[in-house]
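Please read the structure below before turning to the comments.
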Amino acid sequence: MQGVALITGASSGFGAASARHLAAHGWPLIICGRRRERLDALATELAPLTPVLALELDVRDAAAVKRAIDELPAQFVGIQLLVNNAGLALAPGPAQTVALSDWHTMIDTNITGLVNVTHALLPRLIAWGAGASIINIGSTASGNPYPGSHVYGASKAFVQQFSFNLRCDLQGTGVRVTDLSPGIAETEFSLVRNAGNEGAAEAVYRNTTPLTADDVAEQVAYIAALPAHMNINRMEVVPVCQAWGPYAIHRE
Ligand code: NDP
Ligand code: 8X3
């Protein structure tokens, strides 16, 4: 039987592309995000392929997340796949210049939001058993420090360790967990990070060939379709143009 996939942050970028790829592979979908119109448009687009439920949901609101999961229509309760994708970076300047509220927003979304959704869905994924998956969208920023990453990279380090720790506790349930960590990808991510400044967002990708949302969505669909006995613990995917830099040495 084909289970349902729930994708957070499906109104844009990786989440929307994952919805399209999973729909093409026959997954019934629950697509979540705060921007209702975008979700409705995506649901209308995908409706000829698969049943789709659009849920307006802020992942930071634990009570709303739990209520939405508890009140799912019967057709959508058989959840086999959770794609924890909703997330954002803010304030790309040095840590010492950043508003505390921006740090809180990243923690509330990338950490607390991901935990809220995971906690609400674990009973359903465990009920599904073998073949169920959680795909947490991490980042190369989780293990590679760089200027301006401060709380963003640290929040993705949480995602990686939480993914690994979940694997330990889910031993024997059949539920798989993957930290899927992309490098630079052209989505609305940089527009959000640069507070809507299109020039600054465009400069991030200028003269590069970054990953696309489809590149990442293909990995989501691949991981979700693996045989039930296989678990990819972590997959890091970067564009060829992205590699590591040297240590920064400050000289007097
Ligand atoms: P986008 O900005 O295009 O998409 C982000 C998605 O997250 C949107 O659908 C947005 O929906 C949703 N979202 C943000 N805050 C909330 C919230 N509080 N509640 C519910 N949904 C929320 O960026 P990407 O697709 O690039 O980002 C997706 C994930 O990938 C993020 O976790 C990001 O950190 C990660 N990532 C991105 C990389 C990149 O270079 N693009 C590389 C590595 C990882 P809405 O605003 O409608 O709520
Ligand atoms: C986003 C990728 O390289 O901007 O997670 O940190 S990067």
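The values are calculated or read from the model by the stated rules, or taken from the named source; none is laboratory data. As the structure is a computational prediction, the values presented were derived from the model and not from experiment. All Cβ positions, glycine included, derive from the backbone under ideal geometry; neighbour counts span all protein chains shown. The area values use the complete protein model at the heavy-atom level, side chains included, leaving out ligands, DNA and RNA. Shrake-Rupley method; radii C 1.70, N 1.55, O 1.52, S 1.80 Å.
Within the shell defined by Cβ-Cβ distances under 13 Å, the residues around T209 carry a net charge of -1, with Lys and Arg each +1 and Asp and Glu each -1.
A 1.4 Å probe run over the protein chains yields, for segment 147-252, 58 Å² of accessible area per residue, whole-number rounding. Quick check: the angle from helix 213-224's long axis to the longest principal axis of the chain, C-alpha only, nearest 10 degrees? It works out to around 40 degrees.
All other residues whose Cβ lies under 12 angstrom from that of G183 are scored, Lys and Arg at +1 and Asp and Glu at -1, for a net of -2. Put the Cα centre of segment 148-185 next to the Cα centre of segment 88-103 and the gap is 22 Å. Using the Cβ of L114 as centre and a radius below 12 Å, the other residues enclosed give a net charge of 0, where K and R count +1 and D and E count -1. When E252, E56 are compared by accessible surface with a 1.4 Å probe, the order from highest to lowest is E252, E56. What is segment 187-252 by shape, rounded, prolate or oblate, if you read a ≥ b ≥ c off the alpha carbon gyration tensor as root eigenvalues and call it rounded for a/c under 1.5, prolate for a/b larger than b/c, and oblate otherwise? Oblate, because a/c is 1.5 or more while a/b does not exceed b/c. Could you run the Debye sum over the Cα atoms of segment 47-151, one equal point scatterer each and no solvent, and tell me log10 of I(q)/I(0) at q = 0.10, 0.14, 0.15, 0.17 Å⁻¹, two decimals? Per q value, in the given order, log10 I(q)/I(0) is -0.37, -0.66, -0.74, -0.87.
May I ask which residue of A10, A95, T112 lies farthest towards the positive end of the charge dipole of the chain, with charges of +1 (Lys, Arg) and -1 (Asp, Glu) on Cβ and the Cα centre as origin? Of the listed residues, the answer is T112. Of the options Y205, L42, V175, report the single residue whose Cα projects farthest towards the positive end of the charge dipole of the chain (beta-carbon charges: Lys, Arg +1; Asp, Glu -1). Going by the Cα projections, it comes out as V175.
For M235 and R36, the difference between the fully extended length at 0.36 nm per residue and the C-alpha to C-alpha distance is 68.6 nm. Projecting the Cα positions of V216, A248, L226 onto the charge dipole of segment 197-252 (unit charges on Cβ atoms of Lys, Arg, Asp and Glu, taken about the Cα centre) puts A248 furthest along the positive direction.
Listed values for segment 14-21 are Karplus-derived 3J(HN,Hα) couplings in whole Hz (6.51 cos²θ - 1.76 cosθ + 1.60, θ = phi - 60°), namely 4, x, 5, 5, 5, 4, 5, 5, and x replaces Gly and Pro. Using the alpha-carbon atoms, what tilt in degrees (0 to 90, nearest 10) does helix 150-169 show relative to the longest principal axis of the chain? Rounded to the nearest ten degrees, it is 40.
Length available on full extension from L100 to E218: 0.36 nm per residue minus the Cα-Cα distance, which gives 38.9 nm. Within segment 175-192, name every residue whose backbone N is under 16 Å away from a label modeled 7 Å from Cα of W244 along the Cβ vector. Counting only backbone N, you get 183. Here the Karplus curve 6.51 cos²θ - 1.76 cosθ + 1.60, taken at θ = phi - 60°, turns the phi angles of segment 227-244 into couplings of x, 4, 8, 10, 10, 8, 5, 8, 10, 10, 10, 10, x, 4, 6, 10, 9, 8 Hz, with x standing for Gly and Pro.
Think of a 1.4 Å ball rolled over the protein heavy atoms: segment 9-135 then has 43 Å² of accessible area per residue.
Amide hydrogen proximity for V237: with H placed 1.01 Å from N in the peptide plane, the residues at 5 or more positions away or on another chain lying under 5 Å are S181, G183.
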